[in-house]
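S.K.: Quick one: the structure is below, and I'll ask about it shortly.
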Amino acid sequence: MEYIKPLPIGVEFYKDMVSEGYYYVDKTLLIRDILAQKSKVTLFTRPRRFGKTLAQSMLQTYFEKEILPDGTAVDNSAYFNGKKIMEAGEEYTKHMGKYPVVFLSLKSAKQPSYDIAYEKIKESVTNEFIRHRYVLEGDALLLLQKERYNLFMEQKARLPEYATSLLFLSDCLVQYHKQKAVILIDEYDVPLENAYFEGFYDKMVSFIRSLFESVLKTNKNLGFAVITGCLRISRESIFTGLNNLNVVSVLDENYAEYFGFVQDEIDDMLDAYGI
């Protein structure tokens, strides 16, 4: 009997998608187009269940020079064997595994109060600092930077420090890797949409604006950034002064085929399952 790949119901992480043998619709040429467009900051807005988190996870797997806490480098190239991006040419494949990557998801910030939402964002930031704790080894960072880094890992930093935490983390990563950082932010609109309905929008906007602007605007260590979410939050409220933002909505033709499915992909899926 012919093996039929299982459907990836609820699978959000690219590595799981590939390693567990799920049916995967190849969207890896998103990597090529992001590199070709050369936008410093790209915001993709798409409805729920359109594969935004999976796309971000795929970008992380491709671009990240992943290093384990013990300093061992991880080779993620096997996850792209046979994928379309590998046929795009050396101009694009040379970027595989070359960048330090900060991946921040804000989906846990859907909370009934500002204090709880803020704590959840702190936890997400802390997890990224812990994931990259290998930078503390050796002398890439100054003692003062290491002390500050530990404050974030222990969640003892103050609010003003958390407001610029992604900028500080990117600085540390660039000092260690000698390569500009890639910033990936998923579900960026969750804390803001939730805050609007729960009654603390102004307070949350102030914090998120500081968090984003510090790392995305005039950050000399930023290679490029990709942001995903369902809603377009007005530039005036959260992206004030961020003039390098490329907004790609569901109405744009650019990148249209990389989120959701196009007709040919649906036909192939139905054929694969004999439907």
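The values are calculated or read from the model by the stated rules, or taken from the named source; none is laboratory data. Remember, it's a predicted structure, so these values are computed and weren't measured experimentally. Ideal geometry is used to build each Cβ from the backbone, glycine not excepted, and the neighbour counts take in all protein chains shown. The protein model used for the area step is the full one, side chains on, heavy atoms only, and it has no ligands, DNA or RNA in it. Shrake-Rupley method; radii C 1.70, N 1.55, O 1.52, S 1.80 Å.
S.K.: Of [x] 0.95; [y] 1.09; [z] 1.03, which one was derived for Cα Rg over 2.2 N^0.38 Å from the structure shown?
M.R.: [z]
S.K.: Comparing Ser19, Ser170, Ser57, which has the greatest mean-square fluctuation in the GNM of the chain with Cα pairs linked when under 10 Å apart?
M.R.: Fluctuation is largest for Ser19.
S.K.: OK, next. Within the range 214-228, list the residues whose amide N lies under 17 Å from a label point set 7 Å along Cα→Cβ of Ser124.
M.R.: It comes to 214-216, 225-228, nothing else.
S.K.: So for the range 170-223, averaging the separation of alpha carbon pairs under 8 Å that are six or more residues apart and normalising by length, what relative contact order in percent results?
M.R.: It comes to 51 percent, rounded to a whole number.
S.K.: Hey, another quick one. Taking amide H positions as placed in the peptide plane 1.01 Å from N, state which residues far from Leu104 in sequence (5 or more) or on other chains have amide H under 5 Å from it.
M.R.: Leu184, Ile185, Asp186
S.K.: Roughly how big is the range 1-131's charge dipole about its Cα centre, with Cβ charges of +1 (Lys, Arg) and -1 (Asp, Glu), in debye to the nearest 20?
M.R.: 560
S.K.: Explain nothing, just the number: dipole magnitude of the range 62-116 about its Cα centre with +1 on each Lys and Arg Cβ and -1 on each Asp and Glu Cβ, in debye rounded to the nearest 20.
M.R.: In debye, rounded to 20, the range 62-116 gives about 220.
S.K.: Helix 52-63 versus the longest principal axis of the chain: what angle, 0 to 90°, nearest 10, using Cα atoms?
M.R.: The helix 52-63 is inclined about 80 degrees to the chain.
S.K.: Follow-up. As I understand it, the dipole of the chain uses +1 on the Cβ of Lys and Arg and -1 on the Cβ of Asp and Glu, about the Cα centre. Which of Ser210, Tyr79, Leu104 lies farthest toward its positive end?
M.R.: Of the options given, the answer is Ser210.
S.K.: For the chain, find the longest principal axis of its Cα atoms and tell me its angle to the long axis of helix 143-153, 0 to 90°, nearest 10.
M.R.: 60
S.K.: Packing-wise, with mean Cβ within 10 Å as the measure, how do 179-185, 43-49 rank, highest first?
M.R.: Put in order of decreasing packing, that is 179-185, 43-49.
S.K.: Just to verify a number: FRET efficiency for Glu137 and Leu251, C-beta to C-beta distance, R0 = 51 Å, to 0.05?
M.R.: 0.60
S.K.: Can you tell which of Leu231, Val248, Phe129 lies farthest toward the positive end of the dipole of the chain, using +1 and -1 charges on the Cβ of basic and acidic side chains (Lys, Arg; Asp, Glu)?
M.R.: The residue sitting farthest along the positive end of the dipole is Phe129.
S.K.: Which residue fluctuates the most in the chain, going by a Gaussian network model with Cα springs under 10 Å, if the choices are Tyr188, Tyr196, Tyr99?
M.R.: Per the Cα network of the chain with a 10 Å cutoff, Tyr196 tops the list.
S.K.: While we're here: Relative contact order for the range 126-266 using alpha-carbon pairs under 8 Å, separation at least 6, rounded to a whole percent?
M.R.: 23
S.K.: Return the carbon/sulfur percentage of the accessible area of the chain, one whole number, probe 1.4 Å, all protein chains in place.
M.R.: 52
S.K.: By the gyration tensor of its Cα atoms, with a ≥ b ≥ c the square roots of the eigenvalues, what is the shape of the range 59-152: rounded for a/c under 1.5, prolate for a/b over b/c, or oblate?
M.R.: Cα axes put the range 59-152 in the oblate bin.
S.K.: Can you list residues whose amide H is under 5 Å from Val41's amide H, if they're 5+ apart or on another chain and H is modeled 1.01 Å from N?
M.R.: The answer is Ala225, Asn246.
S.K.: Still on this structure: Treating only the Cβ atoms of Lys and Arg (+1) and Asp and Glu (-1) as charged, compute the dipole magnitude of the chain about its Cα centre; round to the nearest 20 debye.
M.R.: 940
S.K.: For helix 201-216, what angle does its Cα long axis make with the longest principal axis of the chain, in degrees from 0 to 90 and rounded to 10?
M.R.: That helix lies at roughly 80 degrees to the long axis.
S.K.: I would also like to ask the following. Using a 1.4 angstrom probe, figure out how much accessible area the chain has per residue, in square angstrom, rounded to the nearest whole.
M.R.: 50
S.K.: I would also like to ask the following. Could you grab the relative contact order for the chain? Cα pairs under 8 Å, six or more apart, rounded to a whole percent.
M.R.: It comes to 27 percent, rounded to a whole number.
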